[in-house]
1. Tell me the net charge near Asn22. Cut-off is 13 Å between Cβ atoms, Asn22 excluded, with +1 for each Lys or Arg and -1 for each Asp or Glu.
2. Rounded to the nearest whole Å², what accessible area per residue is found for the chain with the 1.4 Å probe?
3. Per residue of the range 34-48, in order, report the coupling 6.51 cos²θ - 1.76 cosθ + 1.60 (Karplus, θ = phi - 60°) as ³J(HN,Hα) in whole Hz, putting x for Gly and Pro.
4. What is the Rg over Rh value, at two decimals, for the chain, using alpha-carbon atoms and the Kirkwood definition of Rh?
5. Heavy-atom accessible area of Thr36 with all protein chains present, probe 1.4 Å, nearest 10 Å²?
6. Starting from the Cα of Arg49, step 7 Å along the direction of its Cβ; do the same at Ile5; then give the gap between the two resulting points in nm.
7. Under the Karplus relation 6.51 cos²θ - 1.76 cosθ + 1.60, θ = phi - 60°, what is the ordered set of whole-Hz ³J(HN,Hα) values for the range 10-25, x standing for Gly and Pro?
Amino acid sequence: MSQIIEDEHLQTLLEEAEQHHNDEVAARTPGTQPSTAAVNYWQMAQTIRRFLNSPHTPK
């Protein structure tokens with residue numbers, strides 16, 4: 001059984017991932033590598049953004 005995720009929900013997830021990423025980056029000491037969490041949130045945001053920008057058929 002497949003599930004359909006609405007674009008609006010994905011947009012909300014994208015915004016949340018970007019906010020978590022920004023929070024992680026703001027919390028780090030300048031000159032240090034970004035945390036694993038920051039990188040993961042950034043990657044999640046990029047994946048969602050690519051999907052939303054690709055041709056698909058929202059229901």
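1. Value of the local net charge: -4.
2. Ligands and nucleic acids excluded, the result is 81 Å² per residue.
3. So the J values, rounded to whole Hz, are x, 5, 4, 4, 4, 5, 5, 5, 4, 4, 4, 4, 5, 5, 5.
4. Ratio of gyration radius to Kirkwood radius: 1.11.
5. Accessible surface of Thr36 is approximately 100 Å².
6. A separation of 1.7 nm, rounded to one decimal place.
7. Those phi angles translate into 5, 5, 5, 4, 4, 4, 5, 4, 5, 5, 4, 4, 4, 5, 5, 5 Hz.
The values are calculated or read from the model by the stated rules, or taken from the named source; none is laboratory data. Keep in mind that what you see is a predicted model, and the values were worked out from it rather than measured. No Cβ is skipped: glycine too gets one built from the backbone with ideal geometry, and neighbour counts run over all protein chains shown. Accessible surface areas use protein heavy atoms only, side chains included; no ligands, DNA or RNA. Shrake-Rupley method; radii C 1.70, N 1.55, O 1.52, S 1.80 Å.
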